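Have a look at the structure below, then the notes.
Rule-based calculations on the coordinates, nothing more; no lab input. Because the structure is a prediction, the values reported are computed rather than measured. Please note: Cβ atoms are built from the backbone with ideal geometry, for glycine as well, and neighbour counts cover all protein chains shown.
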Amino acid sequence: MVSSTVDFTGSNGDPRKPGTLHYRHPDGQLNDYEKAITAVGSIIARYDSDKKFPVFGFGAKYGGVIQHCFQVGEQPELHGINGVLEGYRGVFRTGLTMSGPTVFDEVISYAAAAARSQQEASKRIGKQSYRLLLILSDGAVTDLERTKRAIQAASDAPLSIVIVGIGNA
């Protein structure tokens, strides 16, 4: 199973301003995150048999509270790359405020717990499972030590983590 995570921190710039990483082009041109979702997503989607993807965001503020791991889209899993793109675009209609800091530890911990749980369920029916976590971020990680600790804690989970940098940070 492939899970994706998108960076909605303020370091990406105001999505209403041209030239920022989340900018919605009026002519339909893809922004930098949409390009990465399409390019990388289409490659790793081949490794997901049902093409249903849990997608999460981090770094946005809702109702004054910073969320470091929140569901993207109306459903727990989005269907295909187009579903991921629709879910991503829908986040900007939810009243979020791009915030920060940029921390990966909550999404890594969540993905590791889900991978362990999925593996246990698979074992009960004589199968195996594996999860891939794709993190799309502008690369400005606020607390590298927290991220390292989260990766170390996840090292026993059937999980690979792929971090794709967006932009120049």
In degrees, nearest 10, the alpha-carbon axis of helix 32-44 is tilted away from the dominant principal axis of the alpha carbons of the chain by 20 degrees
Rounded to the nearest 5, the percent of DSSP beta bridges in the stretch 1-84 running antiparallel is 65 percent
Per the helix-only model, the chain has a calculated mean residue ellipticity at 222 nm (DSSP H runs of ≥4, -39500 (n - 2.57) each, divided over all residues, rounded to the nearest 500) of -10500 deg cm²/dmol
For the stretch 70-169, the charge dipole (Cβ of Lys, Arg +1; Cβ of Asp, Glu -1; about the Cα centre) points to a positive end, and the Cα of LEU132, VAL162, PHE104 closest to that extreme belongs to LEU132
Mean-square fluctuation maximum in Gaussian network of the chain, Cα pairs under 10 Å, restricted to THR142, THR94, THR20, hits THR94
antiparallel share of DSSP beta bridges within the chain, to nearest 5, in %, is 35 percent
1/(1 + (r/R0)^6) with r = Cβ-Cβ of ILE151 and ARG24, R0 = 25 Å, i.e. FRET efficiency to nearest 0.05, evaluates to 0.15
Straight-line reach check, LYS127, cutoff 26 Å on alpha carbons, 8 or more apart in-chain or any other chain, hits among lysines -> LYS51, LYS52
To the nearest 20 debye, the chain has a Cα-centred charge dipole, built from +1 on Lys and Arg Cβ and -1 on Asp and Glu Cβ, of 280 debye
Rounded to the nearest Å, the spacing of the alpha-carbon centers of the stretch 94-169 and the stretch 8-81 is 15 Å
If the chain between ILE43 and LYS17 were fully extended at 0.36 nm per residue, the gain over the current Cα-Cα distance would be 6.4 nm
